[in-house]
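One structure is given here, and the rest of the page talks about it.
Each value in this text was obtained by applying a stated rule to the coordinates, not by laboratory testing. All of these numbers come straight from a predicted model, not from anything done at the bench. No Cβ is skipped: glycine too gets one built from the backbone with ideal geometry, and neighbour counts run over all protein chains shown.
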């Protein structure tokens, strides 16, 4: 059932897919990891994103085989978009459309067959964190083999 993926490989596969699909439309990966994104109290860059992981759990259907186990890992894609103070309603709509673009890009992640599936779970954050910054977070469930040996 495929080769294993490390946690960092899961993050890089998703981030690489987003970069491939959305770089031309101005999206850039943040230099901040997801735990500190958008970064140390600084104003986040427009159309920036960070990819990280939450929990990883055995999927319950597969026991350890050949030093690996099938798991489900929660993947988080957190993003920021600028909102103009004089056009907040329109830019809020643009941010929601940006969210959809990230959903479509992430859904296309395959990682050369190592990633068994990536399923959209929910949008966990849609928040105006200041009058000029929209912050969103999209939650995914990735299924992959996790090396135990």
Within the chain, helix-based [θ] at 222 nm, where runs of 4 or more DSSP H residues each add -39,500 (n - 2.57), nearest 500 | -8000 deg cm²/dmol
Give me Rg over Rh for the stretch 8-58, both radii from the alpha carbons and Rh done the Kirkwood way, two decimal places.
-> 1.01
Can you give the angle from 0 to 90° between the axis of helix 88-107 and the longest principal axis of the chain, with both taken from C-alpha atoms, to the nearest 10?
-> 20 degrees
What base-10 log of the normalised intensity I(q)/I(0) is obtained for the chain from the Debye formula, alpha carbons as equal point scatterers, at q = 0.10, 0.13, 0.19 Å⁻¹?
-> -0.37, -0.58, -1.07
Within the stretch 1-24, backbone nitrogen closer than 11 Å to the virtual label 7 Å beyond the Cα of residue 149 toward Cβ = none
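Arrange the following residues from fewest to most other Cβ atoms within 10 Å of their Cβ: 89, 11. Spell out each step's value before the answer.
Working: 89 7, 11 21.
Ordered from fewest to most neighbouring Cβ atoms within 10 Å, 89, 11 come out as 89, 11.
Quick one: order 139, 90 by neighbouring beta-carbon count within 10 Å, fewest to most.
Placing the least packed residue first, the sequence is 90, 139.
Which order do 27, 140 fall in if you start with the one that has the fewest other Cβ atoms within 10 Å? Could the numbers behind the result be given before it?
Numbers: 27 21, 140 24.
Neighbour counts put them in this order, fewest first: 27, 140.
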If you wrap the stretch 85-129's Cα atoms in a convex hull and average its projection over all directions, what's the area in nm²?
-> 4.0 nm²
Debye-sum result for the stretch 39-124 in log10 I(q)/I(0), which assumes one identical scatterer on each alpha carbon, at q = 0.11, 0.18 Å⁻¹ = -0.45, -0.91
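Would you kindly state how much longer the chain becomes between residue 59 and residue 19 on full extension, computed as 0.36 nm times their sequence separation minus their alpha carbon distance, in nm to one decimal?
This chain segment gains 11.5 nm when fully extended.
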